[in-house]
Amino acid sequence: MTDEHLAEAYKHYYSIKGSHKELRKTHQEKLAEALASIGNLTKEKILKNIREREQQRSTSRKIRALRGKISTGSTSLVTITDDQGNKVDLTNKEDIERAIITNNEHKYKQSFHTLAATHQVILLIHMLGTLFRNGRCHNR
């Protein structure tokens with residue numbers, strides 16, 4: 001009995017598969033009529049909005065596919081090197097966040113112990129900044 005229903009469902013699916021654009025257009029028109037009857041916009045305006053929204057979504061999907069970004073969401077896997085030099089995959093949210101924070105701290109604080117971060121250089125930069133305000137030299 002279920003095989004017969006499945007076969008019938010596939011037969012129906014394949015019979016309407018070729019006319020999906022016309023069916024979609026009919027559905028949009030019926031939806032616009034229903035929304036116009038309960039709202040304060042005209043059927044034409046609602047239909048135009050529906051079609052524009054679908055066109056934007058279609059364009060976005062194509063761009064995402066071209067850029068190779070099919071899936072959406074956050075980072076689900078991070079690979080780090082432990083103290084012994086072994087590669088370790090992290091999948092736990094807290095472990096991933098800790099690894100990213102540690103990496104960013106190292107990456108963005110590299111210059112803290114260089115000549116550019118010494119007190120004398122910072123004072124010199126401040127003095128030059130006040131001396132050359134707005135691109136002009138301001139002598140006191």
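Taking Leu6 as the residue in question, decide whether it is at pLDDT 90 or above, more than 30 Å from the chain's Cα centre (by Cα), assigned to a helix (DSSP H, G or I) and surrounded by 10 or more Cβ atoms within 10 Å (Cβ to Cβ).
Yes; evaluated as a whole, the condition is true for this residue.
Which of the residues that make up the stretch 97-140 are at pLDDT 75 or above, in a helix (DSSP H, G or I) and of a type in the set (D, E, K, R)?
Hits for the stretch 97-140 are Glu97, Arg98, Glu105, Lys107.
Which residues, taken from the stretch 55-96, are modelled with pLDDT of 85 or more, among the basic types (Lys, Arg) and in a helix (DSSP H, G or I)?
Those that are modelled with pLDDT of 85 or more, among the basic types (Lys, Arg) and in a helix (DSSP H, G or I): Arg57, Arg61, Lys62, Lys93.
So, Arg57, is that one out of contact with any Lys or Arg (no Cβ under 6 Å at 6 or more places or on another chain) and within 23 Å of Gln28 (Cβ to Cβ) or not?
Yes.
Check Ile46, Ile100 and return the single one that is surrounded by 10 or more Cβ atoms within 10 Å (Cβ to Cβ), more than 30 Å from Glu29 (Cβ to Cβ) and not hydroxyl-bearing (Ser, Thr, Tyr).
None of the others qualify; the one that does is Ile100.
How many of the residues in the stretch 12-46 are within 22 Å of Ser58 (Cβ to Cβ), small (Gly, Ala, Ser) and part of a helix (DSSP H, G or I)?
Qualifying residue count, the stretch 12-46: 1.
Suppose the filter is under 30 Å from Ile101 (Cα atoms) and either small (Gly, Ala, Ser) or in contact (Cβ under 8 Å) with a residue 12 or more places away in the chain (or both); does Val78 pass it?
yes
Of the residues that make up the stretch 28-37, is at least one within 29 Å of the chain's Cα centre (by Cα), of a type outside the set (Phe, Trp, Tyr), surrounded by 10 or more Cβ atoms within 10 Å (Cβ to Cβ) and closer than 30 Å to Lys93 by Cα?
For the stretch 28-37, residues within 29 Å of the chain's Cα centre (by Cα), of a type outside the set (Phe, Trp, Tyr), surrounded by 10 or more Cβ atoms within 10 Å (Cβ to Cβ) and closer than 30 Å to Lys93 by Cα: absent.
The values are calculated or read from the model by the stated rules, or taken from the named source; none is laboratory data. These numbers come from a predicted model, not from an experiment. Here Cβ is always computed from backbone atoms with ideal geometry, including for glycine, and neighbour counts include all displayed protein chains.
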